[in-house]
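Read the structure below first, then the notes.
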Number of protein chains: 4
Amino acid sequence: MKKKVYEFINTNSYFVKFIYTLIILNVISLILASYKEINYEYHPILEGFEVFSVIIFSIEYILRLWSATHEYETGTDLGKRMRFVFSFPGMIDLLAVLPFYLPLLIPFDLRVLRILRLFRLLRIFKLGRVSKSLQTVFSVLRESRAELSITLFVAFILMVLSSTLMFYVEHEVQPDKFENIGMAMWWAVATLTTVGYGDVYPVTGAGKLLSSVIALVGIGFVALPTGIISSAFMTKVQEEKSKKAAEDAATLITTCPHCGADISDIKH
Amino acid sequence: MKKKVYEFINTNSYFVKFIYTLIILNVISLILASYKEINYEYHPILEGFEVFSVIIFSIEYILRLWSATHEYETGTDLGKRMRFVFSFPGMIDLLAVLPFYLPLLIPFDLRVLRILRLFRLLRIFKLGRVSKSLQTVFSVLRESRAELSITLFVAFILMVLSSTLMFYVEHEVQPDKFENIGMAMWWAVATLTTVGYGDVYPVTGAGKLLSSVIALVGIGFVALPTGIISSAFMTKVQEEKSKKAAEDAATLITTCPHCGADISDIKH
Amino acid sequence: MKKKVYEFINTNSYFVKFIYTLIILNVISLILASYKEINYEYHPILEGFEVFSVIIFSIEYILRLWSATHEYETGTDLGKRMRFVFSFPGMIDLLAVLPFYLPLLIPFDLRVLRILRLFRLLRIFKLGRVSKSLQTVFSVLRESRAELSITLFVAFILMVLSSTLMFYVEHEVQPDKFENIGMAMWWAVATLTTVGYGDVYPVTGAGKLLSSVIALVGIGFVALPTGIISSAFMTKVQEEKSKKAAEDAATLITTCPHCGADISDIKH
Amino acid sequence: MKKKVYEFINTNSYFVKFIYTLIILNVISLILASYKEINYEYHPILEGFEVFSVIIFSIEYILRLWSATHEYETGTDLGKRMRFVFSFPGMIDLLAVLPFYLPLLIPFDLRVLRILRLFRLLRIFKLGRVSKSLQTVFSVLRESRAELSITLFVAFILMVLSSTLMFYVEHEVQPDKFENIGMAMWWAVATLTTVGYGDVYPVTGAGKLLSSVIALVGIGFVALPTGIISSAFMTKVQEEKSKKAAEDAATLITTCPHCGADISDIKH
């Protein structure tokens, strides 16, 4: 019985599709509820859908918890269930339903509740569980982690240095824009990432020169991670190729099909 | 006769160039007509050119439809013509002339008509039909489709997550800018793509911190597809090289060095 | 005598450095002259330097023209000089001094003169004449020319399509911003290149959706040429390596240094 | 004794961590001090921490100077100490404490002092001393230095050319925005780097056309260094692989297959 439930939850394509559809509809309903006019007019429908989906997700969570004994091979039943609760998908599933029950238990402030509801969005990541491409992308990012983090680190130092310098250069002229180093860092981020909102920018000659240098360095700050990731992708593609080539090489002809003589020392 | 028409339409360089010139002039005339002063002064000329080109394109379409029996090898005449009508170039050709005739048939609203005229621009894609480079670029994009779409998917989730979070952070302070999650998504797109129009940006400390994180992630969002495409291009170049090398290698050992028998039919 | 002049102009390091310094000082003086206060106060100095440098560049041009007979190996003296006049460096040299003499010959309008002075800036390209790196970069760009121009072409079509669509979407709401398709194209360029000045942006829902799509496509528009150039650079580096490897392979050991037996069929 | 101090400073993990923590806290305190309210309320604490950290860094510097005789192998004691003082880490260490003592010695102007305090931030680079990834990134940048600087050089020429042209095009219409070529260069930087603050942009047709061209070239200006860096990264990864492969290959044939003699000292 438990095994059948476990298999139904994880492999029945209708059930899986139903859950995925419900997740997406939930995100859409959350976005729609932020529109004042829509929330005003369709409040009962949105609220009803909210209750309906929380019930479904709660039942799903309980079934997953109950059938988690089939998820893992070793350990006691309680141990397996604990492992599920603290696993990444288990945590997401719990955080997706918890914000609905919490205010029923403890007299929570409403504003906190609203922020907690955000975790529901994490359910979308369930959709990516199976994807092979996602794993390729993530494995490339993981392999180039060291170089990427050093780039981020250098960028961070540069940001602190340039924003402090900019603060001293522009503070006198624009005390409201470059009020403190924090504001100058906001400028540094917008410039280094080449976003350039245009709410904060230098007006003095020295400030513009510094900003130009940082904008040019920003190009490098885009180029470096791109180069790192490109290289990691290429390496991955080549690894898969050479793995396949090695397998193919094992089946190469080493004897002449006509006389049976060993010709493995002939270069192919 | 039909075969001659078919060959004339598709291979006669003067006719082909004439059609391409007409397409480009049509696009220019459409752009010029959007300038109030130009439209006011040269309305008869633009209108006349419109009628003239629609007539030419209609005749061309009819001839293509009539001679479509030479386009495909198998099937009945009607089947071949249906295949042409529903083929991609056939659809573009039809949509390019249809908006002119539709209001004559059905009492259409004028505004809808104006939007339909846009399809005429798709004729330009005819110009790229022959290009080998376009095929290279498209084949690279097709091969890295899986990784590119997963990047887009992750970016989309990130966009929904960050814009919802941003809505709760900034809505209180800027209710007119971050009116709903839709507006926050507009900010998220502008930041993630590093466009940064500057019409919507956070003003609170938490909002600026979140925006900085998203702008930095945006760098990665530029770096990832670039890395994917770079890798796919390199793979394509190397494949073409190794294909050539394999062809060259096939002419190396064709006889067994021990018995002299022909082994050129063995795959190396 | 003529040969000595030719060698002096092209190889004497002091003369070459003097000319390069003069070019750079000329650019700086042109920039400084655009500052109203500086131009007001130091007008005689800037004007004097202008006359001085034009005299030097004129003498240099005459000497180059005179000694051009040593530049090329075949042809008559006049033919060689004509070849120099119409060569790229010869044209730049002429255009650099011509704007000064033209108003003396023909009663030209002053405004046209000012624009002609811009060609003087092209002299800077002389500085790059010898650089090997510049040739590497240019050869990479030349080799990936076909793919880069098709990308530009697709981007151009996309720009025309999206700006026309945007014009119909936003014209009603913002008739001053999206006045005509030309203005919409200005928005399309700013969005596709992710510059995002922020002077023109959509305000309607449909416009924002279209803008988001174009901004996302803009990422691809950055990624594609980068991928093409990365791939071309990699191919260039590998070509140089395999050329070197082929040269090295020719010197590989083919006989055992101890017994003198042929071991060239052993795989290294 | 001196050797023990040298080893304690450079290898004792508690001391090293303490110094790193102090550096980071110093940067944070510098940022916090720029907030008017925080500086007003916690001035004595920030000032006290300032004095405390300068004392620690001064003692560290004196100890490093004293034990520098163990840093280098050759030279006299004074020579070794001079070498340390003028080494890069030695200079950073000195510049980090000097701004505090200078006003005590010479009656310096306060504003100059504030700018000198910025060097303290350079201490953070100490953190990167050991990192292997930082060296990888730096070595990639160093190897592609020639191509990167030529790109920067071409970009600079383009910037001067386009900003001069833009000045003549837009000066008449927007004399306050495009006041001089310097201001036009500010626009050129913002456009070429695709930052696009939006404080300066063309309004005339010709200006917009030029800006569009520069923005499109800006894409290339992002693509080129990215391509160069990607290629350099790939080359580095492949070099490390082939180095490993060469080491593996060196253990393959070590004896002549004909006479059995040891030929492992022959380079393959």
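Give all pairs with beta carbons closer than 7 Å in which a residue from the stretch A:81-106 that is farther than 13 Å from A:S58 by Cα and assigned by TED's automatic domain parsing to the domain that holds A:I24 meets a residue that is modelled with pLDDT of 75 or more and of a type in the set (F, W, Y); count only pairs at least 6 apart in sequence or on separate chains.
A:R83/A:Y72
Return yes when D:S163 is surrounded by 15 or more Cβ atoms within 10 Å (Cβ to Cβ) and at pLDDT 65 or above and no when it is not. It would help to see each step written out before you state the result.
Working: surrounded by 15 or more Cβ atoms within 10 Å (Cβ to Cβ): yes; at pLDDT 65 or above: yes.
Yes: the conditions hold for D:S163.
Mind listing whichever residues of the stretch C:214-227 are in contact (Cβ under 8 Å) with a residue 40 or more places away in the chain and more than 16 Å from A:I229 (Cβ to Cβ)? Working first, answer last.
Within the stretch C:214-227, the subset in contact (Cβ under 8 Å) with a residue 40 or more places away in the chain is C:214, C:217, C:221, C:224-225.
Scanning the stretch C:214-227 gives C:I214, C:V217, C:F221, C:P225.
Those residues that are more than 7 Å from chain A (Cβ to nearest Cβ) and modelled with pLDDT of 90 or more, I need them from the stretch B:209-224; list them, please.
Taking the stretch B:209-224 first, the residues more than 7 Å from chain A (Cβ to nearest Cβ) are B:209-211, B:213-214, B:217, B:221.
Across the stretch B:209-224, the qualifying residues are B:L209, B:L210, B:S211, B:V213, B:I214.
Going residue by residue through the stretch A:70-84, is there one that turns out to be open to solvent by 30 Å² or more (accessible area, probe 1.4 Å) and of a type in the set (G, A, S)? Outline the logic, then answer.
Keep residues of the stretch A:70-84 that are open to solvent by 30 Å² or more (accessible area, probe 1.4 Å), which gives A:70-79, A:81-83.
Within this subset, residues satisfying the condition of being of a type in the set (G, A, S) are A:75, A:79.
Checked against the condition, which is being open to solvent by 30 Å² or more (accessible area, probe 1.4 Å) and of a type in the set (G, A, S), the stretch A:70-84 yields at least one hit.
So is A:T254 at pLDDT below 85 and among the polar types (S, T, N, Q) or not?
On the way: at pLDDT below 85: yes; among the polar types (S, T, N, Q): yes.
Considered against the rule, which asks whether it is at pLDDT below 85 and among the polar types (S, T, N, Q), A:T254 comes out as yes.
Restricting the search to the stretch D:149-160, which residues are open to solvent by 20 Å² or more (accessible area, probe 1.4 Å) and farther than 22 Å from D:M234 by Cβ?
D:F153, D:V154, D:F156, D:L158
Looking at D:A188, D:A184, D:A146, can you tell me which residue is farther than 22 Å from B:F233 by Cβ, in contact with a Lys or Arg (Cβ under 8 Å, 6 or more places away or on another chain) and either within 8 Å of another protein chain (Cβ to nearest Cβ) or open to solvent by less than 10 Å² (accessible area, probe 1.4 Å) (or both)?
Working: D:A188 fails: in contact with a Lys or Arg (Cβ under 8 Å, 6 or more places away or on another chain); D:A184 fails: in contact with a Lys or Arg (Cβ under 8 Å, 6 or more places away or on another chain).
Step by step, each of D:A188, D:A184, D:A146 is checked, and only D:A146 is farther than 22 Å from B:F233 by Cβ, in contact with a Lys or Arg (Cβ under 8 Å, 6 or more places away or on another chain) and either within 8 Å of another protein chain (Cβ to nearest Cβ) or open to solvent by less than 10 Å² (accessible area, probe 1.4 Å) (or both).
Going by the conditions given, is A:N39 open to solvent by less than 80 Å² (accessible area, probe 1.4 Å) and over 28 Å from B:S162 (Cβ atoms)? Step through it out loud before you land on a result.
On the way: open to solvent by less than 80 Å² (accessible area, probe 1.4 Å): yes; over 28 Å from B:S162 (Cβ atoms): no.
So A:N39 does not fit the description; no.
Mind telling me which of the residues D:Y35, D:Y40, D:Y6 ends up being in contact with a Gly (Cβ under 8 Å, 6 or more places away or on another chain) and of a type outside the set (K, R)? Give the steps one after another, and end with the answer.
Details: D:Y40 fails: in contact with a Gly (Cβ under 8 Å, 6 or more places away or on another chain); D:Y6 fails: in contact with a Gly (Cβ under 8 Å, 6 or more places away or on another chain).
Residue meeting the stated conditions: D:Y35.
Which one of these is open to solvent by 20 Å² or more (accessible area, probe 1.4 Å), at the interface with another protein chain (Cβ under 9 Å from one of its Cβ atoms), modelled with pLDDT under 85 and within 30 Å of B:V16 (Cα to Cα): B:L122, B:L141, B:L113, B:L118? Spell out how you get there, then give the answer.
On the way: B:L141 fails: modelled with pLDDT under 85; B:L113 fails: at the interface with another protein chain (Cβ under 9 Å from one of its Cβ atoms); B:L118 fails: open to solvent by 20 Å² or more (accessible area, probe 1.4 Å).
The conditions single out B:L122.
Suppose the filter is within 24 Å of B:I219 (Cα to Cα), out of contact with any strand residue (DSSP E or B) (no Cβ under 7 Å at 6 or more places or on another chain), modelled with pLDDT of 90 or more and assigned to a loop (DSSP other than H, G, I, E, B); does D:Y201 pass it?
Spelling it out, it is not the case that D:Y201 is within 24 Å of B:I219 (Cα to Cα), out of contact with any strand residue (DSSP E or B) (no Cβ under 7 Å at 6 or more places or on another chain), modelled with pLDDT of 90 or more and assigned to a loop (DSSP other than H, G, I, E, B).
B:T193: at pLDDT 90 or above and open to solvent by 10 Å² or more (accessible area, probe 1.4 Å), yes or no?
Values: at pLDDT 90 or above: yes; open to solvent by 10 Å² or more (accessible area, probe 1.4 Å): no.
No; evaluated as a whole, the condition is false for this residue.
Run down B:F49, B:F8, B:F18, B:F57 and say which single residue is farther than 19 Å from B:L94 by Cβ and open to solvent by less than 80 Å² (accessible area, probe 1.4 Å). Spell out the reasoning first.
Details: B:F8 fails: open to solvent by less than 80 Å² (accessible area, probe 1.4 Å); B:F18 fails: open to solvent by less than 80 Å² (accessible area, probe 1.4 Å); B:F57 fails: farther than 19 Å from B:L94 by Cβ.
Matching residue, one of B:F49, B:F8, B:F18, B:F57: B:F49.
B:A223 fails exactly one of the following numbered conditions: (1) assigned to a helix (DSSP H, G or I); (2) over 21 Å from D:L216 (Cα atoms). What is the number of that condition?
Single failed check for B:A223: (2).
When the residues of the stretch D:85-107 are filtered to those that are touching a Lys or Arg at 6+ places or on another chain (Cβ under 9 Å) and of a type in the set (V, I, T), which remaining residue is surrounded by the most Cβ atoms within 10 Å (Cβ to Cβ)? Please lay out each step first, then the result.
The initial filter retains those residues of the stretch D:85-107 that are touching a Lys or Arg at 6+ places or on another chain (Cβ under 9 Å), namely D:89-90, D:92-93, D:95-97, D:99-100.
Cutting the leftovers down to of a type in the set (V, I, T) gives us D:92, D:97.
Details: D:I92: 17, D:V97: 22.
Per the stated criteria, the residue is D:V97.
Could you tell me whether D:S231 is more than 8 Å from every other protein chain (Cβ to nearest Cβ) and of a type in the set (G, A, S)? Outline the logic, then answer.
Values: more than 8 Å from every other protein chain (Cβ to nearest Cβ): no; of a type in the set (G, A, S): yes.
No, not satisfied.
For D:S230, which of the numbered conditions (1) part of a helix (DSSP H, G or I); (2) in contact (Cβ under 8 Å) with a residue 12 or more places away in the chain; (3) within 23 Å of the chain's Cα centre (by Cα); (4) within 24 Å of C:T194 (Cβ to Cβ) fails to hold?
If we test D:S230 against (1) part of a helix (DSSP H, G or I); (2) in contact (Cβ under 8 Å) with a residue 12 or more places away in the chain; (3) within 23 Å of the chain's Cα centre (by Cα); (4) within 24 Å of C:T194 (Cβ to Cβ), just (2) comes out false.
Mind listing whichever residues of the stretch D:166-181 are open to solvent by 10 Å² or more (accessible area, probe 1.4 Å) and more than 10 Å from chain C (Cβ to nearest Cβ)? So that I can check it myself, show each step before the final result.
Going through the stretch D:166-181, the residues open to solvent by 10 Å² or more (accessible area, probe 1.4 Å) turn out to be D:167-169, D:171-177, D:179-180.
D:V173, D:Q174, D:D176, D:K177 - these are the residues of the stretch D:166-181 that are open to solvent by 10 Å² or more (accessible area, probe 1.4 Å) and more than 10 Å from chain C (Cβ to nearest Cβ).
Does the stretch D:237-253 contain any residue that is without any contact (Cβ under 8 Å) to a residue 40 or more places away in the chain, surrounded by 23 or more Cβ atoms within 10 Å (Cβ to Cβ) and assigned to a helix (DSSP H, G or I)?
no
One line per residue, one yes/no per condition, for (1) within 26 Å of the chain's Cα centre (by Cα); (2) over 23 Å from A:Y72 (Cβ atoms); (3) of a type outside the set (F, W, Y):
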site: A:N10; (1), (2), (3): yes, no, yes
site: A:T21; (1), (2), (3): yes, yes, yes
site: A:I24; (1), (2), (3): yes, yes, yes
site: A:L32; (1), (2), (3): yes, yes, yes
site: A:I38; (1), (2), (3): no, yes, yes
site: A:E41; (1), (2), (3): no, yes, yes
site: A:F49; (1), (2), (3): no, yes, no
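The values are calculated or read from the model by the stated rules, or taken from the named source; none is laboratory data. It should be emphasised that the depicted structure is a prediction, and the values quoted were computed from it without experimental measurement. A quick note on method: Cβ atoms are made from the backbone with ideal geometry, for glycine too, and the neighbour counts reach across all protein chains shown. Just the protein is used for accessible areas: all its heavy atoms, side chains included, with ligands, DNA and RNA removed. Shrake-Rupley method; radii C 1.70, N 1.55, O 1.52, S 1.80 Å.
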